[in-house]
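Working notes, structure below.
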Amino acid sequence: MTIRNILHNIDENGERYLLLPLYALIVVTIFMEVFRRFLLSYSSIWAEEIARYAFIYVSWIGASAAIKERAHIRIDLILPMVGDKLRAVIMIFGDIITIVLAVLAFWWSLESVLVSLKFGSVTHGLRISLAWFLAAVPLGFAMMIARLIQSIIRDVSDLKAGRPIYKGKKLFD
């Protein structure tokens, strides 16, 4: 397998490779905690934190996957009523607006990570740096920006070639 094939595979399935172990971690942790709570009458602080922070990562990585597959929430009442070229222009415009907002949000979300690193904030149960978990937000926005750039390039290419724009597919086909 060449480096090019590996990078292509990561581009195609990167979010899935990250989401699956995180989903599994959430399920196993919650199942284990329910078992311990109801059968052993014992619970832990760390299990709730692990599940919560893994869910935060799942949410932000999932947002990137949704942008890649055009599965994110949008109001597309007008899109079916317009031609392919205008639809492409509207989608590109929407991606540009989204990328501007994502860049701003990325920049602002870095501040909380830097403050956490500066003051050495730690989680209550796990007692590890809170910056690891706060980093989910800028990471998610960075992934979203990358996927938006790919989307814009793909749509411009389709528009120039006269092809219909990519409409997306379901997240787990």
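Structure notes:
- Test result for Arg16, free of Cβ contacts under 8 Å to residues at least 24 places away in the same chain and either within 27 Å of Arg127 (Cβ to Cβ) or open to solvent by 60 Å² or more (accessible area, probe 1.4 Å) (or both): no
- Lone qualifier among Ser59, Ser129 - being in contact with a strand residue (DSSP E or B) (Cβ under 7 Å, 6 or more places away or on another chain) and under 30 Å from Arg36 (Cβ atoms): Ser129
- Positions within the range 91-134 being hydroxyl-bearing (Ser, Thr, Tyr) and either buried (at least 19 other Cβ atoms within 10 Å of the Cβ) or closer than 30 Å to Gly168 by Cα (or both), in sequence order: Thr98, Ser109
- Given (1) hydroxyl-bearing (Ser, Thr, Tyr); (2) modelled with pLDDT under 95; (3) in a helix (DSSP H, G or I), number of the condition Ser41 does not satisfy: (3)
- Any hit, the range 147-156, residues being more than 17 Å from Lys68 (Cβ to Cβ), in a helix (DSSP H, G or I) and open to solvent by 50 Å² or more (accessible area, probe 1.4 Å): no
- Pairs with Cβ under 6 Å, 6+ apart, first in the range 34-46 and open to solvent by 100 Å² or more (accessible area, probe 1.4 Å), second among the basic types (Lys, Arg): Tyr42/Arg36
- Test: residue in the range 68-90 that is assigned to a loop (DSSP other than H, G, I, E, B), in contact (Cβ under 8 Å) with a residue 12 or more places away in the chain and open to solvent by 100 Å² or more (accessible area, probe 1.4 Å): yes
- For beta carbons closer than 8 Å, sequence separation of 6+ or different chains, a first residue in the range 21-32 that is touching a residue at least 40 places away in the same chain (Cβ under 8 Å) and closer than 16 Å to Ile56 by Cβ and a second that is polar (S, T, N, Q) and not in a helix (DSSP H, G or I), there are no qualifying pairs.
- From the list Val100, Val113, the lone residue that is in a helix (DSSP H, G or I), out of contact with any helix residue (DSSP H, G or I) (no Cβ under 9 Å at 6 or more places or on another chain) and aliphatic (A, V, I, L, M) is Val100.
The values are calculated or read from the model by the stated rules, or taken from the named source; none is laboratory data. Everything numeric here is computed off the predicted structure, so don't read it as measured data. Neighbour counts run over all protein chains shown; Cβ positions are idealised from the backbone, glycine included. Note: areas computed on protein heavy atoms with side chains; ligands, DNA, RNA excluded. Shrake-Rupley method; radii C 1.70, N 1.55, O 1.52, S 1.80 Å.
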